[in-house]
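Novice: Submitted below is the structure of interest, expressed as structure tokens.
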Number of protein chains: 2
Amino acid sequence: MTYSIKEVSEKTGLSIYTLRFYDKQGLLPFVARNSSGYRAFTDGDLSLIHTINCLKNTGMKIKAIRQYIDYVMQGPATIKQRETMLLAHRKTVEAEQRKIAENLQEIDYKLNVYQSPDAVATVTKEQQFVQQEKLVNQLPNPYAQTILSK
Amino acid sequence: MTYSIKEVSEKTGLSIYTLRFYDKQGLLPFVARNSSGYRAFTDGDLSLIHTINCLKNTGMKIKAIRQYIDYVMQGPATIKQRETMLLAHRKTVEAEQRKIAENLQEIDYKLNVYQSPDAVATVTKEQQFVQQEKLVNQLPNPYAQTILSK
DNA sequence: GCTTGCCCTAGAGTGCTGTCTAGGGTTTAG
DNA sequence: CTAAACCCTAGACAGCACTCTAGGGCAAGC
């Protein structure tokens, strides 16, 4: 049993365009063609596409994914290289995750300000401060309202 | 005290090109100009650029960041809208984080296979399986080595 | 007054990842 | 036999976020 590109598109959520694009980029060298030149996807192919999707979803570049797939196509001899690649990738993904978490914390800090009962006072004070800075340096005030008490 | 674009570039890690690009995109309407037409960044401006950076680092699109900055420029009246935006953004970032974590788990599964003492056997068996699939469906075998023990 | 090292704008170019179009072949049901 | 619904390729186009170039202004030191 094999699947057409449309069926694979529905199974994976990748558009037909994307599947053909990936093929063009050398990500799907394992997909065979039938006698009419149509792509005939097997279950094993789907499993590999799933792996490609995981790598893509974690931010790996297409060029790097192609490198990984190339290793897969060369068989068991490249297990060590694959391990090295995936370890390095995991490391970068984890670093990226940490960075995002940190930035999210700063956003949460902003949110706390906005959700506090003193939000208006805090924000007004901040705006006064930046307007004061512009004033001191003889710069135009770019803000909508001028809020400068005394 | 104000900062030149070069100083801000060094402080923030954003290239001068990127800072000017952000300005062109309407992300820096708060940055004033001195008498020579040069951008004069204040400390308050740096703080806002920091916020922009947090939003960008968590994947917010420039267009959405501009919307947020527009709210900031309108003063305390838009606190509610800012809160709504940041809450929605936090939700999408958290969803994205979860998705990445899930995909990373699948990559870890692959890594476990590669790191196991039976790695060669497992990978060989997988390759035999996919080659068998191709054979059964009368498709060419795209793999480097044919490993098909009876 | 001239070189050096900044600053500016407008707009072209790049890299990546798709997405779509044009032109054409195949398969199946009526 | 033909219409509908698939499939194919090559290559154009798009969206995003920069990155760079060309052409020119300003400020400080020699």
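The values are calculated or read from the model by the stated rules, or taken from the named source; none is laboratory data. The shown structure was predicted, so the numbers you read here are calculated from the model rather than taken from an experiment. Because the Cβ atoms are built from the backbone with ideal geometry, glycine has one as well, and the counts that use them run over all protein chains shown. In case anyone asks, the SASA skips ligands and DNA or RNA and just uses the protein heavy atoms, side chains included. Shrake-Rupley method; radii C 1.70, N 1.55, O 1.52, S 1.80 Å.
Novice: Would it be correct to say that residue A:98 is open to solvent by 60 Å² or more (accessible area, probe 1.4 Å), within 12 Å of DNA strand D (Cβ to nearest atom) and within 11 Å of chain B (Cβ to nearest Cβ)? Can you show your working first?
Specialist: Values: open to solvent by 60 Å² or more (accessible area, probe 1.4 Å): yes; within 12 Å of DNA strand D (Cβ to nearest atom): no; within 11 Å of chain B (Cβ to nearest Cβ): yes.
The answer is no for residue A:98.
Novice: I've got another one for you. Of the conditions (1) surrounded by 18 or more Cβ atoms within 10 Å (Cβ to Cβ); (2) at pLDDT 95 or above, residue A:133 clears all except one; give me its number.
Specialist: Checking residue A:133 against (1) surrounded by 18 or more Cβ atoms within 10 Å (Cβ to Cβ); (2) at pLDDT 95 or above, the one that fails is (2).
Novice: Mind listing whichever residues of region B:11-48 are away from DNA strand C (no atom under 11 Å from the Cβ) and more than 26 Å from the chain's Cα centre (by Cα)?
Specialist: Those that are away from DNA strand C (no atom under 11 Å from the Cβ) and more than 26 Å from the chain's Cα centre (by Cα): B:35, B:42, B:43.
Novice: Against the definition (closer than 25 Å to residue A:22 by Cβ and either open to solvent by less than 60 Å² (accessible area, probe 1.4 Å) or out of contact with any helix residue (DSSP H, G or I) (no Cβ under 8 Å at 6 or more places or on another chain) (or both)), how does residue A:72 come out, yes or no?
Specialist: Details: closer than 25 Å to residue A:22 by Cβ: yes; either open to solvent by less than 60 Å² (accessible area, probe 1.4 Å) or out of contact with any helix residue (DSSP H, G or I) (no Cβ under 8 Å at 6 or more places or on another chain) (or both): yes.
So residue A:72 fits the description; yes.
Novice: Restricting to region A:61-84, name every residue that is touching a residue at least 24 places away in the same chain (Cβ under 8 Å) and either away from DNA strand C (no atom under 16 Å from the Cβ) or within 21 Å of residue A:11 (Cβ to Cβ) (or both).
Specialist: Answer for region A:61-84, where residues must be touching a residue at least 24 places away in the same chain (Cβ under 8 Å) and either away from DNA strand C (no atom under 16 Å from the Cβ) or within 21 Å of residue A:11 (Cβ to Cβ) (or both): A:62, A:65, A:69, A:72, A:73.
Novice: A further question follows. Could you figure out which of (1) within 30 Å of residue B:86 (Cβ to Cβ); (2) of a type in the set (Phe, Trp, Tyr); (3) in contact with a Phe, Trp or Tyr (Cβ under 8 Å, 6 or more places away or on another chain) isn't true of residue A:109?
Specialist: Of everything listed in (1) within 30 Å of residue B:86 (Cβ to Cβ); (2) of a type in the set (Phe, Trp, Tyr); (3) in contact with a Phe, Trp or Tyr (Cβ under 8 Å, 6 or more places away or on another chain), residue A:109 misses just condition (3).
Novice: If you check A:92, A:51, A:84, which single one turns out to be surrounded by 14 or more Cβ atoms within 10 Å (Cβ to Cβ) and either under 20 Å from residue A:22 (Cα atoms) or modelled with pLDDT of 95 or more (or both)? Before the answer, list the steps.
Specialist: On the way: A:92 fails: surrounded by 14 or more Cβ atoms within 10 Å (Cβ to Cβ); A:84 fails: surrounded by 14 or more Cβ atoms within 10 Å (Cβ to Cβ).
After ruling out the rest, the residue left standing is A:51.
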